[in-house]
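This report concerns only the one structure given below.
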Amino acid sequence: MSDSTDRNSFVFIIGSPRSGTTILGETLDKHEQISQWYEPYFVWDRHFRKSPHDERTAQEASHKIRHQVYSDFLKYKEKSGNQIIIDKSPRNSLKIPFIRMIFPQARFIHILRDGRDATLSIHKEWLRRKNIVNDPRKLDHVDYKNALIVVGKWLQRQPFIIDKIKALWFETHGHIIKNNKHLNKIRWHGQLGWGPRFKGWETCFYETSLLQFNALQWLKCIESIHKSWSKIPDERKFEIRYEDFISKGNQIITLILNFLKLDAKKDFWESIPKLKTDNFNKWKNEFSKDQLAEIHPILTPMLIKLGYEVNADWL
């Protein structure tokens, strides 16, 4: 198996959840030569449904799995009729060596966001889902109406009917009426959960607060990306900061298109989503002092390393 005939076809946007991967993917999807395949976990995890975490190594990419994943992506490319397929799945941050075994010529775009804002947004998403399933650590209630809305919106992102069917079957696996199988609970030992499961997540989930666990989800994604980043050839990787993306949108998008070796017509610029230019530093107003104290020791070393802070006195 080789992607020599499609060497520049597959691009992976990586980053923690709530770091801008979705809006970046939606923006690039407006380009006439790009199609986004929205989080095709039913492809990536087909052979890892019972895996205890989402981290994948190069050694796990057997010939059978490489053939299956690559073939599915190639079929999607053929159905879309476009030159480039983009996948923006945040869980891919934990499986870069695995991806590179399947797509040796893949290109990566890392979008990085301040860990405090990312953690805040991750936490809000967990709380939103908590309202659908009464409590993320209990199984006694499901708001079926809102659950169906979530599933419906998710399925709408798959443009082809065959992929809608595959995605729905994979996520439910036939357990349509079983309470403890809904909304990703299969992945989280019968509980509600969301986002990447880093290695050792079970212990952290029970021994930390939910907010601290959300901070760890950001941190583990960034650590995994950093571990692999230096091994990716320079011409196949590009890094941006979310804060730059929302404040200098067209300039950053132009740089990305140059990285992808694409031009853009006027209708592309007219169709891209409007960015929220003030969507940063929300953590300063929305976290309490106690909440900041919870996440401070988890986030601070990486915030300093990334240049978001100069020392540990930001609290």
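The values are calculated or read from the model by the stated rules, or taken from the named source; none is laboratory data. All of these numbers come straight from a predicted model, not from anything done at the bench. Counting neighbours? That spans all protein chains shown, and the Cβs are built from the backbone with ideal geometry, glycine included.
Taking the conditions exactly as written (of a type in the set (D, E, K, R) and free of Cβ contacts under 8 Å to residues at least 60 places away in the same chain), does E26 satisfy them or not?
In short, no.
Quick one: in the range 268-279, which of the residues that are loosely packed, with under 14 Cβ neighbours inside 10 Å and touching a residue at least 40 places away in the same chain (Cβ under 8 Å) is nearest to the chain's Cα centre (by Cα)?
P273
Considering only the range 1-30, state which residues are modelled with pLDDT of 95 or more, touching a strand residue (DSSP E or B) at 6+ places or on another chain (Cβ under 8 Å) and not in a helix (DSSP H, G or I).
Correct list: F10, V11, F12, I13, I14, G15, S19, G20.
Conditions tested, residue by residue: (1) surrounded by 21 or more Cβ atoms within 10 Å (Cβ to Cβ); (2) outside any helix (DSSP H, G or I); (3) out of contact with any strand residue (DSSP E or B) (no Cβ under 6 Å at 6 or more places or on another chain); (4) not small (G, A, S).
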{"residue": "I186", "(1), (2), (3), (4)": "no, no, yes, yes"}
{"residue": "Q191", "(1), (2), (3), (4)": "no, yes, yes, yes"}
{"residue": "P196", "(1), (2), (3), (4)": "yes, yes, yes, yes"}
{"residue": "E202", "(1), (2), (3), (4)": "no, no, yes, yes"}
{"residue": "N214", "(1), (2), (3), (4)": "yes, no, yes, yes"}
{"residue": "C221", "(1), (2), (3), (4)": "yes, no, yes, yes"}
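Please specify each residue of the range 240-266 satisfying the condition of being farther than 21 Å from G307 by Cα and either surrounded by fewer than 16 Cβ atoms within 10 Å (Cβ to Cβ) or in contact with a helix residue (DSSP H, G or I) (Cβ under 6 Å, 6 or more places away or on another chain) (or both).
N250, Q251, T254, L255, N258, K261, D263, A264, K265, K266
Yes/no matrix, rows are residues, columns are (1) closer than 26 Å to I256 by Cβ; (2) among the acidic types (D, E):
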site	(1), (2)
V11	yes, no
I23	yes, no
H67	no, no
D72	yes, yes
F108	yes, no
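Going by what's in this entry, would E235 be described as assigned to a helix (DSSP H, G or I), of a type in the set (D, E) and surrounded by 16 or more Cβ atoms within 10 Å (Cβ to Cβ)?
No, not satisfied.
Go through the residues of the range 125-137 one by one and say whether even a single one is out of contact with any helix residue (DSSP H, G or I) (no Cβ under 7 Å at 6 or more places or on another chain), of a type in the set (A, V, I, L, M) and either modelled with pLDDT under 75 or not in a loop (DSSP other than H, G, I, E, B) (or both).
Yes, the range 125-137 contains at least one residue that is out of contact with any helix residue (DSSP H, G or I) (no Cβ under 7 Å at 6 or more places or on another chain), of a type in the set (A, V, I, L, M) and either modelled with pLDDT under 75 or not in a loop (DSSP other than H, G, I, E, B) (or both).
How many residues, within the range 274-315, are part of a loop (DSSP other than H, G, I, E, B), modelled with pLDDT of 95 or more and over 21 Å from K124 (Cα atoms)?
Looking only at that region, the number is 5.
From the residues in the range 72-118 that are outside any helix (DSSP H, G or I) and among the aromatic types (F, W, Y), which one is nearest to S224 (Cα to Cα)?
Restricting to residues being outside any helix (DSSP H, G or I) and among the aromatic types (F, W, Y), the top hit is F108.
Quick check, is Q156 over 26 Å from P301 (Cα atoms), modelled with pLDDT of 85 or more and not basic (K, R)?
no
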